[in-house]
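K.L.:
Once you've had a glance at the structure underneath, I'll fire off some questions.
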Amino acid sequence: MAASQAPVGAAPMDGPLLGFVAGYVDTLCFIGLFGLFTAHVTGNFVLIGRALVQPNHDILLKLLVFPVFVLFVGLTRALVLRWQRLGAPALRNCMLLQLLLLLAGAALGWLAAPSARPGAPVVLLTGMVCAAAMAVQNAYGKLLMPGGAATTVMTGNVTQLVIELVDWLRGHGGARERAAVLCWPVLAFAGGAVAGAYAFVLCGFAGLLVPSLLLARLAWRRGEY
């Protein structure tokens, strides 16, 4: 791999801050978008399966989100390759793309509220745009932040964290340091989930401005990449 195409890594606090963003956005959108998971697609698969035996009127949103998620993961991959060839700051640009999508999601969510219809066009568009934003984070986490904990899906992190804690208690070298790397994104995700829930209750989709500000700050700090 050429030097210009090598993964760039991440600053120590990027993982926890992005974990907070993912937990916050996922929970806020779950409440505001009729049970839609935006940060990971596994939960939506479960809800689609349930709808097959317990039909409900909000299944369309879950079905539309999956191809959008796939599309934006692929788009992010293509953009990263292009930015790396051009010597552009790929990680910063990915964060800025996610920021623009979150801001668009906040604006669309504001337009959609109040809506009691999950099939309303503006509600569908809000869900797809927010899922696109989190697809971008999923993609650049894999592509540009190697070696760190996942920031969007915590099941693997929690599993590995427990393994490392057990190994630490058994005296295995390096387990404590690996556990520390995993612990902070998990705690941050949980904190973001709580904050996102309260934010929606207090200010609806305007609450997406909080993770947007965090992303703007992270993108500014990553300008050297």
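K.L.:
Which one, LEU108, VAL136, HIS40, is farthest towards the positive end of the dipole of the chain when Lys and Arg carry +1 and Asp and Glu -1 on their Cβ?
P.N.:
VAL136
K.L.:
Now for a separate question. Assigning unit charges at the beta carbon (Lys, Arg +1; Asp, Glu -1) and nothing else, what dipole magnitude in debye, to the nearest 20, does the chain show about its Cα centre?
P.N.:
340
K.L.:
Something else: From the residues LEU18, VAL194, LEU28, which one has its Cα farthest along the dipole of the chain in the positive direction, the dipole being from +1 and -1 charges on Cβ of Lys/Arg and Asp/Glu about the Cα centre?
P.N.:
The Cα lying farthest towards the positive end belongs to LEU18.
K.L.:
Which value at 222 nm does the chain reach when only helices count, each DSSP H run of 4 or more adding -39,500 (n - 2.57), with the total divided by all residues and rounded to the nearest 500 deg cm²/dmol?
P.N.:
-25000 deg cm²/dmol
K.L.:
Could you tell me what % of all Cα pairs in the chain have separations over 21 Å?
P.N.:
Of the Cα pairs, 56 percent sit more than 21 Å apart.
K.L.:
In whole angstrom, and with the biggest value first, how far do the Cα coordinates of the stretch 144-215 range along each principal axis?
P.N.:
48, 26, 15
Here, each number is a calculation from the coordinates, and none is a lab measurement. Since the model is a prediction, treat every value here as computed from it, not as a measurement. We place every Cβ from the backbone using ideal geometry, glycine too, and count neighbours over all the protein chains shown.
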